[in-house]
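J.: Sharing a structure with you now.
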Amino acid sequence: MELFLFLGSLFAFLFVGIPISMVLVLCSIVLMWHSGMWDSMIIPSTMLDGANNYPLMAIPFFVFAGEIMAEGGLSKRVVQLAQLMIGRVRGGLGYAAIISSVIFAGLMGSSVGEAAALGGLLLPMMAEVGYKPGRAGGVIASGAILGPIIPPSTNFILLGATISGLSITKLFMIGLFPGIFIGLALMVVWFFIVRIDGYNETITFTREEKWKIIRDATPAFMMPVLLLGGIRFGVFTPTEGGAFAAIYAIIVCMGYYRELSFRDLLRVSARAARTTAVVMLIVATATAVGWFITIAQIPNQVTDLFRPLIDSPVLLLLAINIFLF
């Protein structure tokens with residue numbers, strides 16, 4: 001009963017367009033009313049406990065670092081490096097978009113930020129050489145899904161800190177190779193799309209332009225290498241790695257590229273604070289509804305729902321995936 005009450009209220013509130021954080025609060029109130037545990041302090045206290053989590057401190061650092069990189073000219077260098085790597089191949093802009101997505105995923109950890117940064121640069125270039133708008137937007141959007149997979153990923157931080165209790169460092173390492181493989185798979189698909197649509201453009205650079213691109217892009221390329229290396233070999237924790245990423249981004253964009261002023265830094269800081277506030281509010285409200293889900297023994301009801309399929313692993317996994325979807 002509690003399971004269907006929770007799911008029914010969840011989808012009903014979402015259907016009328018209420019923001020997800022408020023939906024979770026309302027679902028908490030519904031479950032609290034149903035259980036007869038009416039106490040106005042339960043929800044605020046559990047929200048506070050959910051947000052008061054040391055590993056979650058990595059999220060504002062990585063969000064801040066990603067905003068600085070997008071504003072400070074770093075995304076432009078990443079795209080130029082990708083064009084240098086594979087631009088001579090037919091349909092090079094599409095391949096460059098995918099490679100840029102892989103590199104940028106290691107810088108931002110956010111699919112939305114990655115799509116916004118690369119889309120603003122690559123979409124006009126693709127339109128200029130005759131790419132179909134749907135194809136151009138599709139390849140950028142497909143590459144942007146690598147943001148939450150390739151570390152540093154805010155999704156992995158949330159998973160490790162609030163849901164599963166798994167090591168965030170191990171989650172980061174686990175996401176690296178699947179993300180790269182997905183990027184390679186996207187390039188294989190693009191190989192066939194280029195021939196179906198008949199794209200023929202290539203990109204070439206002079207020797208001087210090549211050295212300039214490599215010199216400018218090296219600080220951007222080294223950031224994920226230093227970050228993941230430091231986390232993997234225990235130099236710093238994921239939270240400390242987020243602080244390192246933010247400081248590194250400030251030094252590179254303000255000191256090396258000189259494309260980020262102090263006024264820009266203040267504006268970027270405010271934007272990062274707003275993004276972080278949204279994420280942390282959802283985390284806090286999810287903790288509150290999670291507390292009532294546990295009290296109502298909804299996990300046990302879900303287990304009982306799938307128990308008849310326990311002898312058939314294939315059907316069990318299929319049912320679980322349908323349920324999660």
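The values are calculated or read from the model by the stated rules, or taken from the named source; none is laboratory data. On a predicted model such as this, the values are computed, not experimentally measured, just so you know. Every residue, glycine as well, gets a Cβ built from its backbone with ideal geometry; the counts of neighbours run over all protein chains shown.
J.: Among the listed residues F221, F233, F205, identify the single one that is surrounded by fewer than 14 Cβ atoms within 10 Å (Cβ to Cβ), among the aromatic types (F, W, Y) and at pLDDT below 85.
T.: F233
J.: Identify, please: which residue in the range 237-258 is at negative phi and loosely packed, with under 15 Cβ neighbours inside 10 Å and is, among those, farthest from the chain's Cα centre (by Cα)?
T.: G255
J.: Would you say M37 is buried (at least 16 other Cβ atoms within 10 Å of the Cβ) and either within 28 Å of the chain's Cα centre (by Cα) or not aromatic (F, W, Y) (or both)?
T.: no
J.: How many of the residues in the range 259-271 are surrounded by 15 or more Cβ atoms within 10 Å (Cβ to Cβ) and farther than 13 Å from A70 by Cα?
T.: 0
J.: Could you list all residues from the range 1-29 that are of a type in the set (A, V, I, L, M) and under 19 Å from N300 (Cβ atoms)?
T.: Here is the first cut: in the range 1-29, the ones of a type in the set (A, V, I, L, M) are 1, 3, 5, 7, 10, 12, 14, 16, 18, 20, 22-26, 29.
Within the range 1-29, M1, L3, L5, L7, L10 meet the criteria.
One line per residue, one yes/no per condition, for (1) surrounded by 18 or more Cβ atoms within 10 Å (Cβ to Cβ); (2) in contact with a Ser or Thr (Cβ under 9 Å, 6 or more places away or on another chain); (3) β-branched (V, I, T):
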position	(1), (2), (3)
I140	yes, yes, yes
G143	yes, yes, no
G147	yes, yes, no
P152	yes, no, no
I157	yes, yes, yes
T169	yes, yes, yes
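J.: Out of the range 285-325, which residues are of a type in the set (F, W, Y) and in a helix (DSSP H, G or I)?
T.: Selection gives W291, F292, F306, F323.
Conditions (1) buried (at least 24 other Cβ atoms within 10 Å of the Cβ); (2) aliphatic (A, V, I, L, M), marked per residue:
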| residue | (1), (2) |
| --- | --- |
| A97 | yes, yes |
| F104 | yes, no |
| L107 | yes, yes |
| V112 | no, yes |
| K132 | no, no |
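J.: Something else now. Would you mind telling me which numbered condition in (1) surrounded by 15 or more Cβ atoms within 10 Å (Cβ to Cβ); (2) modelled with pLDDT under 85 G183 fails?
T.: Here G183 clears every test but (2).
J.: Taking the condition closer than 30 Å to M223 by Cα and either among the aliphatic types (A, V, I, L, M) or out of contact with any strand residue (DSSP E or B) (no Cβ under 8 Å at 6 or more places or on another chain) (or both), does A70 pass?
T.: For A70, the condition - closer than 30 Å to M223 by Cα and either among the aliphatic types (A, V, I, L, M) or out of contact with any strand residue (DSSP E or B) (no Cβ under 8 Å at 6 or more places or on another chain) (or both) - is met.
J.: In the range 242-284, what count of residues is obtained for those that are among the aliphatic types (A, V, I, L, M) and not in a helix (DSSP H, G or I)?
T.: Number satisfying all stated conditions: 1.
J.: Kindly list the number of the only condition in (1) assigned by TED's automatic domain parsing to the domain that holds P299; (2) modelled with pLDDT of 80 or more that fails for E67.
T.: Result: E67 passes all but (1).
J.: Additional query: How many residues are touching a helix residue (DSSP H, G or I) at 6+ places or on another chain (Cβ under 6 Å) and modelled with pLDDT under 85 if we restrict to the range 44-57?
T.: So the answer is 6.
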